1. Mind telling me which of the residues LEU178, LEU164 ends up being more than 24 Å from the chain's Cα centre (by Cα), open to solvent by 50 Å² or more (accessible area, probe 1.4 Å), in contact (Cβ under 8 Å) with a residue 12 or more places away in the chain and under 21 Å from ARG213 (Cα atoms)?
2. Scan the range 116-150 residue by residue and report those that are among the aliphatic types (A, V, I, L, M) and surrounded by 11 or more Cβ atoms within 10 Å (Cβ to Cβ).
3. Mind checking which residues of the range 182-194 are open to solvent by 100 Å² or more (accessible area, probe 1.4 Å) and within 23 Å of LEU212 (Cβ to Cβ)?
4. Output the number of the condition that ARG124 fails; it satisfies all remaining conditions of (1) charged (D, E, K, R); (2) out of contact with any Ser or Thr (no Cβ under 9 Å at 6 or more places or on another chain); (3) free of Cβ contacts under 8 Å to residues at least 40 places away in the same chain.
5. Report, by residue number, each residue of the range 7-49 that is assigned to a loop (DSSP other than H, G, I, E, B), closer than 25 Å to PRO109 by Cβ and open to solvent by 60 Å² or more (accessible area, probe 1.4 Å).
6. What is the number of the single condition among (1) free of Cβ contacts under 8 Å to residues at least 40 places away in the same chain; (2) in a helix (DSSP H, G or I); (3) open to solvent by less than 70 Å² (accessible area, probe 1.4 Å); (4) aliphatic (A, V, I, L, M) that MET62 does not meet?
7. Could you please let me know if LEU55 is in contact with a strand residue (DSSP E or B) (Cβ under 7 Å, 6 or more places away or on another chain), open to solvent by less than 40 Å² (accessible area, probe 1.4 Å) and either farther than 15 Å from ALA6 by Cβ or not in a strand (DSSP E or B) (or both)?
8. Let me confirm something: among GLY64, GLY101, GLY87, which residue is of a type in the set (Gly, Ala, Ser) and within 19 Å of VAL32 (Cβ to Cβ)?
Amino acid sequence: ESVTEARVLVADDDMNVRLLTRQCLEREGMTVIEACDGHEALDAFVRERPDMVFLDVEMPGMTGLEVCRRIRAMPQGESVPIMIVTGSDDRESIDEGFRAGATQYKTKPVNWSLLSRDVQYMLRASNAFNVLKRQEDRLRYLAYFDPLTSLPNRRSFTEQLNRLLKRARRGHSHAALLFIDLDNFKRINDSIGHARGDRLLVEIAKRLNAELREGDA
């Protein structure tokens, strides 16, 4: 998603701050979702899935720091950029903001002429991080799973078998291995082609997955 099309959740109990933030970000093409307190911010985050969160620390009912902590505890909130805004600029307050999970910490009064630039920078950095993470996840998947059948590959099998044997030795128990072979599969590839042979492998993988329990190794 483009930075200029991003959705930003703005949580502040001061209506004027929300209005100024909205005007600042909407000029750059962003969509602003408003919340007037912490509980409303959490509801909006779950419902709207914003690309970034702008949080005031001092809000009635639930502070911005607590909202930040709760967002970070959600699976969808682990990597979303969060800007915390507060009137306190002492070292302890800033450290507390980062401990809560803030990506960036701003003190009031907010420099409105620079806010959209800072938001765009955070969104670009977040997008770059997410691209790298997807690439790492893909490489990790290819290292342990067969791309055709999505079944664990030889490397995955070897590591799981070693763990199973070590666990059996520690617990003085036994381990069993079920070996399944496809007789004359080469003849299928040679006679009707590799494409149909691949489709057969995919179908066999689906049937194996359907018969195995989730915890089966």
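1. On the way: LEU178 fails: in contact (Cβ under 8 Å) with a residue 12 or more places away in the chain.
Exactly one of LEU178, LEU164 is more than 24 Å from the chain's Cα centre (by Cα), open to solvent by 50 Å² or more (accessible area, probe 1.4 Å), in contact (Cβ under 8 Å) with a residue 12 or more places away in the chain and under 21 Å from ARG213 (Cα atoms), namely LEU164.
2. Of everything in the range 116-150, those that are among the aliphatic types (A, V, I, L, M) and surrounded by 11 or more Cβ atoms within 10 Å (Cβ to Cβ) turn out to be VAL119, MET122, LEU123, ALA125, LEU142, LEU148.
3. ASP183
4. That leaves (3) as the condition not met.
5. If the condition is that a residue be assigned to a loop (DSSP other than H, G, I, E, B), closer than 25 Å to PRO109 by Cβ and open to solvent by 60 Å² or more (accessible area, probe 1.4 Å), then ASP13, ASP14, ARG27, GLU28 are the ones that fit.
6. (2)
7. yes
8. GLY64
The values are calculated or read from the model by the stated rules, or taken from the named source; none is laboratory data. Here the structure is a predicted model, which is why all the values come from computation and not from measurement. In this analysis, Cβ positions are derived from the backbone assuming ideal geometry, glycine residues included, and neighbour counts consider all displayed protein chains. For accessibility, only protein heavy atoms count, side chains too; no ligands or nucleic acids. Shrake-Rupley method; radii C 1.70, N 1.55, O 1.52, S 1.80 Å.
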